[in-house]
1. Considering only residues that are of a type outside the set (K, R) and buried (at least 19 other Cβ atoms within 10 Å of the Cβ), look in the range 6-29 and name the one that is modelled with the lowest pLDDT.
2. Filtering the range 38-96 down to residues that are basic (K, R) and over 21 Å from the mean Cα position of the chain (by Cα), which residue is nearest to L106 (Cα to Cα)?
3. Would you call P139 over 27 Å from T121 (Cα atoms), in the same structural domain as P108 (by TED's automatic domain parsing) and at pLDDT 85 or above?
4. Could you check how many residues of the range 215-231 are closer than 26 Å to F115 by Cα and in a helix (DSSP H, G or I)?
5. Pick from S76, S38: which is among the hydroxyl-bearing types (S, T, Y), more than 20 Å from Q10 (Cβ to Cβ) and surrounded by fewer than 20 Cβ atoms within 10 Å (Cβ to Cβ)?
6. Can you name the residue in the range 67-95 that is assigned to a strand (DSSP E or B) and at pLDDT 95 or above and, of all such residues, is farthest from I186 (Cα to Cα)?
7. Yes or no: A193 loosely packed, with under 15 Cβ neighbours inside 10 Å and within 25 Å of R75 (Cα to Cα)?
8. Take the residues of the range 97-121 that are under 20 Å from the mean Cα position of the chain (by Cα) and among the hydrophobic types (A, V, I, L, M, F, W, C): which is modelled with the lowest pLDDT?
Amino acid sequence: MTLPDSYLVQRLAGPRKTTNPGAVQAHHVFGGGRLGLSPQAWQALDQVCTVDYMGAAEYEGGVLPNALNEIIRLRSVITSFVLTLAPHERELNWSRKYPAKKGFPLPPAKTVQIFGFAPVTILDEVKDRVRLLCSPNPPRTKRDSLISQNLDPIEAVREPVLGWIELNNGFMFFSDRKMWEGFCTIFQLEMCAVPPLPGPTNHFAMSKKDLVTTAVSLGVFRNKSLANKMSKDLLAQTLNQSQS
């Protein structure tokens, strides 16, 4: 089965603190198509996320509530999954291409995990699609998903994006385990086992050539000529410290 293009990917930020949990919030209207869900459903949703404003009509008019209701309808055949993505498998933060100072070493990008769930009938295709959306050459979406900035944070963000709901095919994925667990609870989905992340690498045992290649692939330096200016021991120390 070939999935339709993932053109509409809705961003999800963390839940906002409010003194009036029953109040109508902005994302109930913009993302919810004039509410679209029951007050009880919005209260449950507000406990785990805030629907980010996307600034396009395609994300409004009840598209989000319809997608959530479809997940509820299909929850008996929906299964959860976890993906592990190394730095070379995903798009890194754009700031790595334009460091504040020429040659200034940035913190190395780290291996991350993506948590999600989808109908079992399209599970393999969804996993491939999530990898593609996170890849160095992601498909074009109506609005920026901000995946690269989220998976490779460099600057502090006021309201970081922690999850996404793909509105064309009805699946969800998250960089934040707590948000994933919250949605699994809401939809009464069983959470799969989460594999451990790979253990740390001893960079002091690597050659200078391999250290330079690794530093560039992890986004510490823009190119090999800049990385070569740093001593072997300092390169290894920088890469080792990033794993602690």
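The values are calculated or read from the model by the stated rules, or taken from the named source; none is laboratory data. In this text the structure is predicted, and so the values were computed from the model without any measurement. Here the Cβ positions follow ideal geometry from the backbone for every residue, glycine too, while neighbour counts run over all protein chains shown.
1. Of everything passing the filter in the range 6-29, H28 is modelled with the lowest pLDDT.
2. Initial filter on the range 38-96 (basic (K, R)): 73, 75, 90, 96.
In the following step, the residues that additionally are over 21 Å from the mean Cα position of the chain (by Cα) were identified as 73, 75.
Numbers: R73: 45, R75: 42 Å.
So, considering only residues that are basic (K, R) and over 21 Å from the mean Cα position of the chain (by Cα), the one nearest to L106 (Cα to Cα) is R75.
3. Numbers: over 27 Å from T121 (Cα atoms): no; in the same structural domain as P108 (by TED's automatic domain parsing): yes; at pLDDT 85 or above: yes.
No; evaluated as a whole, the condition is false for this residue.
4. So the count comes out to 1.
5. Testing whether each residue is among the hydroxyl-bearing types (S, T, Y), more than 20 Å from Q10 (Cβ to Cβ) and surrounded by fewer than 20 Cβ atoms within 10 Å (Cβ to Cβ) leaves just S76.
6. T84
7. Values: loosely packed, with under 15 Cβ neighbours inside 10 Å: yes; within 25 Å of R75 (Cα to Cα): yes.
Considered against the rule, which asks whether it is loosely packed, with under 15 Cβ neighbours inside 10 Å and within 25 Å of R75 (Cα to Cα), A193 comes out as yes.
8. Checked the range 97-121; the qualifying residue modelled with the lowest pLDDT is A109.
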